[in-house]
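Participant: The structure under discussion is supplied below as structure tokens; questions concerning it will follow.
The values are calculated or read from the model by the stated rules, or taken from the named source; none is laboratory data. Only a predicted model underlies this, so the values are computations on that prediction, with no experimental measurement involved. To get the accessible areas, we keep the full protein, side chains included, count just its heavy atoms, and leave off ligands, DNA and RNA. Shrake-Rupley method; radii C 1.70, N 1.55, O 1.52, S 1.80 Å.
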Amino acid sequence: MPSPHGFAVCSRRIPSVRMAGYPLAMAARDLQERIKKLIVDERLPSGAPLPTEPELMRLLGASRNSVREALKALQAMGIVEIRHGFGTYVGSMSFAPMIEGLAFRTVAGHYRGEDSLLQLLELREAVETGLVSRLAGRLPEADLVELDALVERMEREAAEGTGLGETDRAFHATLYRGLDNVLLGEVLEAFWDAFHRVQRDLVDVPQDPRVTCRQHREILDAVRSGDSLRAERAIRDHFGNIRSRLSPVAAPRR
């Protein structure tokens, strides 16, 4: 039978959990898992409506409060989106929760005296170093032209004394777009967001924009040349420069 949202609720009842004597946290996780299973089984895309609250109560064999708490938890993960007055929909499933978690973990570690910002940088470096060799000699001409334009823009920004941040970000996003892996691109964007948010809030890192421009030009030239070892070396030099600038200011004073 279709719901008011137009969602065809399956007639097969989802097995309910016996709540009596069932650990509360475990029961809550079980409801979340069964709502996720419903999304997967029905092959619902982002933005698709979920069954109404009464329908979920009936399908899951759970109380209204239990269903609401499960939906709130899933909303925090980006799996569902609750639109008050309209209903509940499949969420965008973005990496925003991961960014928040990475950023908070890094800030908390920093104030405990850990090298957490450097650790986050090493995570980015490990991923990008492992990927760049796959791009050497394989990027389409259109992407190379776009990367050329981005490096030229960075050079203009360096000459004008303006920030390079957004252009730097666009360069890396365009570079790895050549791998044709949307999920990978989103993960790299998440690492970028978390690192730069924390860096901006915690430390003032000196930068020579001319060095940054030169290193991005070398990354591009290495990828264009088809020399995978040269491309890896260029990425390592780039992150090595960031690390050397970051190390003296990364740890808080005790």
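Participant: Solvent-accessible area per residue for the chain at a 1.4 Å probe radius, Å²?
Facilitator: With the other protein chains kept in place, the chain gives 55 Å² per residue.
Participant: Just to verify a number: what accessible area does residue 166 come out at with the full protein assembly present, 1.4 Å probe, Å² rounded to tens?
Facilitator: Only protein atoms counted, so the area is about 130 Å².
Participant: Here's something else I'd like to know. Helix 96-111 against the longest principal axis of the chain: what's the angle in degrees, Cα atoms only, rounded to the nearest 10?
Facilitator: Here the helix axis deviates by roughly 60 degrees.
Participant: Hey, any idea what % of region 118-228's accessible area is carbon plus sulfur with a 1.4 Å probe?
Facilitator: That share works out to 48 percent.
Participant: Compute the acute angle (0 to 90°) between the alpha-carbon long axis of helix 24-41 and the principal axis of greatest extent of the alpha-carbon atoms of the chain; round to the nearest 10°.
Facilitator: On a 0 to 90 degree scale, this one is about 80.
Participant: Then there's this: Which of rounded, prolate, oblate describes region 120-230, given a ≥ b ≥ c as roots of the alpha-carbon gyration tensor eigenvalues and a/c under 1.5 marking rounded, otherwise prolate only if a/b is larger than b/c?
Facilitator: Note, shape of region 120-230 comes out oblate.
Participant: Quick check: Cα centre of region 142-164 to Cα centre of region 66-133, how many Å?
Facilitator: Centre-to-centre distance over Cα atoms comes out at 30 Å.
Participant: Quick one, which of [x] -0.42, -0.52, -1.00; [y] -0.37, -0.46, -0.92; [z] -0.58, -0.68, -0.95 is the actual log10 I(q)/I(0) by the Debye sum over Cα atoms at q = 0.09, 0.10, 0.14 Å⁻¹ calculated for this model?
Facilitator: [z]
Participant: Give me a comma-separated list of calculated 3J(HN,Hα) values for region 49-56, in order, Karplus coefficients 6.51, -1.76, 1.60 applied at θ = phi - 60°, integers in Hz, x for any Gly or Pro.
Facilitator: x, 8, x, 5, 4, x, 5, 5
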